[in-house]
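Q: Starting off with a structure, shown below.
The values are calculated or read from the model by the stated rules, or taken from the named source; none is laboratory data. Just so it is clear, the structure is predicted and the values come from calculations on it, not from any experiment. Positions of Cβ are generated from backbone atoms using ideal geometry, with glycine treated the same way; all protein chains shown enter the neighbour counts. Just so you know, the surface numbers come from the protein's heavy atoms only, side chains and all, with ligands and any DNA or RNA stripped out. Shrake-Rupley method; radii C 1.70, N 1.55, O 1.52, S 1.80 Å.
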Amino acid sequence: MAPTQSIVPVKPIKTEISRNDFPEGFVWGCGTSAYQVCNILDGTNGNIAVDMYSRYKEDIRMMKSMGFEAYRFSISWSRILPGGKLSLGINQEGIDYYNDLINTLIANDIKPYVTLFHWDLPYLLEKEYGGFLSEKIVYDFRDFAELCFWEFGDRVQHWITLNEAWTYSCQGYVNRIFPPGNGYGFGGDQMNPRDNSVIDQRKELEIGQLEKGIDELGKMAENEDLGVSFVPYRGVRVESQETFVFNNKTIVLRKLMSPPRDKAADKERAKEAYTVARNLLLSHAAAVQSYRKKFQEHQKGKIGITLVTHWFEPLNDTEKDRKAAKRALDFMLGWFLEPVLRGRYPQNMMDYAGHHIKPFSPEESNLLRGSLDFLGLNYYTAWYATHDDNPDAAEGYYRDQKTGSSWLYIVPWGIYKLLKSINDAFNNDTDKLPAIYITENGCDEQNNHKLTPNTASQDTQRQNYFRDHLAKILEAMNKDHVKIEAYFAWSWCDNFEWYDGYRSRFGIVYVDYKNDLQRHAKDSAKWFAKFLQK
Ligand code: BGC
C-alpha cells in the first residue's frame, strides 16, 4: 500500500497473548493477492513472483501446520476472462485452477476468503475504455463477479469485492506509482521481470539524474541481488534504454521520465481519482446486488468490501488539527465507507472537493447503502495530520483536503483508535455497521541479500508488531465492544510488493529468491503457530 518505511522500535504492550483471549469462532487467517504471488498463465506479460501458482499445495500444507483456518487470496480476472469480458470467452484452465485451489483449501480445513479485484485489471479493458475511468467497467466487473459466484460460490462463503479502493484511486491516479500502469498493461508486455535490470523506477530515476559511471552503476545493480524491473506506471515513460555488461552480467538501464507536475496536471489527476473511486464503488454495488439477488439465498455466503486507512492523529491539540485529522480520515476511509453505509460521500469531501465529485443519483445511492455484510479493514500505520491552508500540491487531491501529514511508523494504538472511531461513528441503528474483519495487518523489512535465509527469518520486529496490534484489537473488542470477527496477517509469504518490487519483504514465510523460491518459516510464523494453539 505504501512505499517501505523505516521502522521505529516499540515497547511491548503485552507479553503474552493467544487466540484463547479471543472469542470462540474468531477466524484466523493470512493473505496474498494474485498478482503479487502468481505467474500469469500465458507468461507474456506477468511476473513469476513467488510462483504460488504451481506451489499452492505445499503452501497450504504449511499454512495448515501453523494452525491458520482461513486464507485470503484474490482471483486474477484475466486468468479466467482473458479479454476481461464474458463475450470474449472464459478460460477453463483458469476456472479449473481456482477450483483446485479452493478444494485443496477446504480439504485442509482452511476457509477461502476471496477478493475479486486486487488491482490486476485485464489489459483489454484498460485499452478499450480506460478501465475504471469509465462507467462501462461496472457491467464487466459485475459479469466477472457473477461468473465467480456461479463457479465457486458453492464453496466460497466470503467474498470481498474490492481490495483498497483508496489505493487504486489515489496511488494509481494521483501519485501514479501503483497499478493500473501506463497503458502497456501492468507487468509490462515488453519487459522480462527477471532480467538483470537496475531494480526499480526510483533507482532508475536517481541514476538518470546522477549520471554515474558504468562501474558504479554495475556495482549498484549487482548489490540489488534481484534484478527486477517492472513496467513504468501510468504517467512514467521510458525515455531511453541502454544495455551494458558488468562482471559478465548484462545490465539494462532504463531512464524514466515523470511528467511535469503542474496545477493543471494535478487537477486532472484528482478528477481521475474521484471518477475511478466512483466507478469502483458502483462496481462494488453492482456485484453485491447480483450476489444478493441471484446467489446468496442458495449459497448462504457473505459479501463485503476491503478498505484501507491509516489512523490520523492531530499533530497539535487544537481544533484546527482535530478537524484536519478528521478530514484526512474522511478523504481516505470515509470516501468509500460512507457511500457503502450511507449511500453518500462524507460532508468533508463534498465541502472541500465537491466541485470535482459527481454525486450519486438516488438509485445509485440506494444500491450503495448497506451494500456489505462485513467490513474488511486493512491497517498498517498512523500519520499525524495538521491543518495547512496551502499544502505543497499545487492543486488536486492533497490540496483539496488541506492537511499536511508525515509518516509515523509502527503504531499499534492507531488500530485501537481507528476501530473505536469507526464504531463510535457508524455502529448505530441508521448506519448499521456490520462486523469488521481485519483483512490485512503487518509490516515489512528491506530485503538484504547478504543474509542467509535463517538469519533473515529472525524477524522479532514483525512478531512484536502482530502481538501489539492483536493486543490493541482485543482492547477495542473488550473495552469498546467493537464487533471484530476475523484477522488476517499480511502476508503469508514474501512477494512482489508493487512499487518496491522484491526489495520489501512482508511475509511471515521467507522466500529464497536465489534458491528455487524455497520457503522458510520466519520466527513470526512460528510465533503465530504458538499463538494459534487452542
Ligand atoms: C495491499 C497489499 C500490499 C500491502 C503492503 C496493501 O495496501 O493490499 O497488496 O502488499 O498493502 O503494502
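Q: If you take the residues in region 296-314 that are open to solvent by less than 30 Å² (accessible area, probe 1.4 Å) and more than 16 Å from the ligand (Cβ to nearest atom), which one is nearest to residue 341 (Cα to Cα)?
A: 303
Q: Can you name every residue in region 305-326 that is assigned to a helix (DSSP H, G or I) and either touching a Cys at 6+ places or on another chain (Cβ under 9 Å) or farther than 22 Å from residue 430 by Cα (or both)?
A: 319, 320, 321, 322, 323, 324, 325
Q: To continue, here is another question. Which residue is nearest to the chain's Cα centre (by Cα), if the candidates are limited to region 150-175 and must be within 15 Å of residue 302 (Cβ to Cβ) and open to solvent by 10 Å² or more (accessible area, probe 1.4 Å)?
A: Per the stated criteria, the residue is 158.
Q: So, residue 451, is that one over 25 Å from residue 178 (Cβ atoms), assigned to a loop (DSSP other than H, G, I, E, B), more than 16 Å from the ligand (Cβ to nearest atom) and without any contact (Cβ under 8 Å) to a residue 60 or more places away in the chain or not?
A: yes
Q: Continuing with the same structure: Out of region 513-534, which residues are open to solvent by 10 Å² or more (accessible area, probe 1.4 Å) and either touching an Asp or Glu at 6+ places or on another chain (Cβ under 8 Å) or of a type in the set (Asp, Glu) (or both)?
A: Matches in region 513-534: 513, 514, 516, 517, 518, 519, 520, 523.
Q: What are the residues in region 83-96 that are buried (at least 17 other Cβ atoms within 10 Å of the Cβ) and of a type in the set (Gly, Ala, Ser), if any?
A: Matches in region 83-96: 83, 84, 94.
Q: Residues to consider are 75, 80; find the one that is touching a Gly at 6+ places or on another chain (Cβ under 7 Å) and surrounded by 20 or more Cβ atoms within 10 Å (Cβ to Cβ).
A: 80
Q: Determine whether region 434-445 contains at least one residue that is hydroxyl-bearing (Ser, Thr, Tyr), in contact with a Lys or Arg (Cβ under 9 Å, 6 or more places away or on another chain), open to solvent by 10 Å² or more (accessible area, probe 1.4 Å) and within 12 Å of the ligand (Cβ to nearest atom).
A: no
Q: Is it the case that residue 468 is in a helix (DSSP H, G or I) and under 19 Å from residue 163 (Cβ atoms)?
A: So residue 468 fails the test.
Q: What residue, among those in region 116-137 that are surrounded by 21 or more Cβ atoms within 10 Å (Cβ to Cβ) and hydrophobic (A, V, I, L, M, F, W, C), is nearest to the ligand (Cβ to nearest atom)?
A: 119
Q: Residues to consider are 105, 147; find the one that is more than 16 Å from the ligand (Cβ to nearest atom), buried (at least 21 other Cβ atoms within 10 Å of the Cβ), in a helix (DSSP H, G or I) and hydrophobic (A, V, I, L, M, F, W, C).
A: It is 105.
Q: Enumerate the strands (runs of 3 or more DSSP E) found wholly within region 484-534, keeping only those where 1 or more residues are among the small types (Gly, Ala, Ser).
A: Fully inside region 484-534 and qualifying: 484-490, 518-521.
Q: Just to verify a result, which residue in region 490-509, among those that are open to solvent by 10 Å² or more (accessible area, probe 1.4 Å) and out of contact with any Asp or Glu (no Cβ under 6 Å at 6 or more places or on another chain), is nearest to the ligand (Cβ to nearest atom)?
A: Of everything passing the filter in region 490-509, 499 is nearest to the ligand (Cβ to nearest atom).
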